[in-house]
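Engineer: Just passing along the structure, written as structure tokens.
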Amino acid sequence: MSRWSERLWQAFLRFDRRHGGAEPPPRVQVFLARHPVAAGVVFGVLLGGLVGWALAAFHDPARLLRVVAVGLCGGLFIWLVCRVERRRQAHYVRAGGFRWDAPRPLVRDEDALPVWLEGLLWLSHWTVCLVLLWLVGRLRNPPFTWVQCAVYAGFIVVGGWAVHLVKERRRRRGG
């Protein structure tokens, strides 16, 4: 490994440790790191199928070729991410393993919503964003399609959820 790439790898590991990377990974993460080719193929096929469906590309050979290229690029990207994750996990195992803390007792958060209600809230937020984006999209020429509005609404809901998680972590840390 070159000197430059070794510095980059060490910087990544410092960043990873600072943000909880030395904690034991979930079983799904270990599985995906052990099977990068399968993860890449599954993701590439799903991504290609969804993009092909969204673009109605199954009857147009030129669009279909683009969809295959998108699926292939997505699959290769996920394969690469899984390979990096596999190397990261191997580094922590070689360096003495992950920090295996004693299991903490399950503390029930009285403010936490039941899972079914949380899912219903996500769905309702997504639906409201979908309709609002569709209404705003009517002002454009050409207007947004329902599929575009659905994807953008998904980005908005997931982005809001990520911001909420960051705020919750900061609140729990006390600063």
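The values are calculated or read from the model by the stated rules, or taken from the named source; none is laboratory data. Everything numeric in this text was worked out from a predicted model, so none of it was measured. All Cβ positions, glycine included, derive from the backbone under ideal geometry; neighbour counts span all protein chains shown. Side chains are part of the model used for accessible areas, which takes the heavy atoms of the whole protein and leaves out ligands, DNA and RNA. Shrake-Rupley method; radii C 1.70, N 1.55, O 1.52, S 1.80 Å.
Engineer: Before I look further, what does the range 1-104 give for accessible area per residue, probe 1.4 Å, in whole square angstrom?
Structural biologist: 76 Å²
Engineer: Also, I was wondering about something else. With θ set to phi - 60°, apply the Karplus curve 6.51 cos²θ - 1.76 cosθ + 1.60 along the range 115-123 and write out the HN-Hα couplings as whole Hz, x wherever there is a Gly or Pro.
Structural biologist: Once rounded to whole Hz, the list reads 4, 5, 6, 4, x, 5, 5, 4, 5.
Engineer: What's the angle, to the nearest 10 degrees (0 to 90), between helix 146-173's Cα axis and the longest principal axis of the chain?
Structural biologist: The angle comes out near 30 degrees.
Engineer: Using a 1.4 Å probe over the heavy atoms of the protein chains, calculate the carbon and sulfur portion of the accessible area of the chain as a whole percent.
Structural biologist: 68 percent
Engineer: Using all alpha carbons of the range 33-97, what is the percent of pairwise distances in each 10 Å bin, ordered from the shortest bin to the longest?
Structural biologist: Cα pair-distance distribution for the range 33-97, in percent: 24, 35, 21, 12, 6, 1.
Engineer: Over its Cα atoms, what ratio of radius of gyration to 2.2 N^0.38 Å does the chain give?
Structural biologist: In units of the 2.2 N^0.38 Å rule of thumb, it is 1.35.
Engineer: I'd like the orientation of helix 36-55 relative to the chain: the angle between its Cα long axis and the longest Cα principal axis, in ° from 0 to 90, rounded to 10.
Structural biologist: The helix 36-55 is inclined about 20 degrees to the chain.
Engineer: With the other protein chains left in place, how much accessible area per residue, in square angstrom, belongs to the range 116-175 at a 1.4 angstrom probe?
Structural biologist: Ligands and nucleic acids excluded, the result is 81 Å² per residue.
Engineer: Starting from the 7 Å offset along Cα-to-Cβ, what nm value, one decimal, do you get for the label separation of H35 and S5?
Structural biologist: 2.8 nm
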